[in-house]
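FYI, it's all coordinate maths here, none of it is from the lab. Bear in mind the structure is a predicted one, so any value in this text is a computation, not a measurement. Here the Cβ positions follow ideal geometry from the backbone for every residue, glycine too, while neighbour counts run over all protein chains shown.
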């Protein structure tokens, strides 16, 4: 039970950092929250885990940490249970992939 409270607190703290535009701290707290949930067997964290994965994906995208964003989006997609969520996450994953390709092209062109 203590881990559940701690995980929720870390998720809430991450949101505070998101709202204060401190992306690096938000990502760090989201990652701590995710690690804590992963350590807790039979945790019942499904909804919180999806929120954390979504937050990580969006914040990594905003900070152009595209490979991290892809990783978290893929994890989120694996846990999606509705067609709407699968569709949204699939589209987001495609957008991230396109951005990674664009980034690679800019780097190869020296831009």
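In table form, for the structure just shown:
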| read-out | value |
| --- | --- |
| C-alpha long axis of helix 83-108 to longest principal axis of the chain, angle in ° | 40 |
| Mean ellipticity per residue at 222 nm, deg cm²/dmol - from DSSP H runs of n ≥ 4 across the chain, formula -39500 (n - 2.57) | -28000 deg cm²/dmol |
| Acute angle (nearest 10 degrees) that the helix 2-19 long axis makes with the longest principal axis of the chain, alpha-carbon atoms | 40 |
| Average Cα contact separation per residue, the range 2-108, under 8 Å, 6 or more apart, as relative contact order % | 20 |
| Three-way shape call for the range 2-108 based on the alpha-carbon gyration tensor, with the a/c threshold at 1.5 | oblate |
| Residue 46 paired with residue 107, simple spin-label distance in nm, labels 7 Å along Cα-to-beta-carbon | 3.8 |
| Using alpha-carbon coordinates, inclination of helix 66-79 to the longest axis of the chain, degrees | 50 |
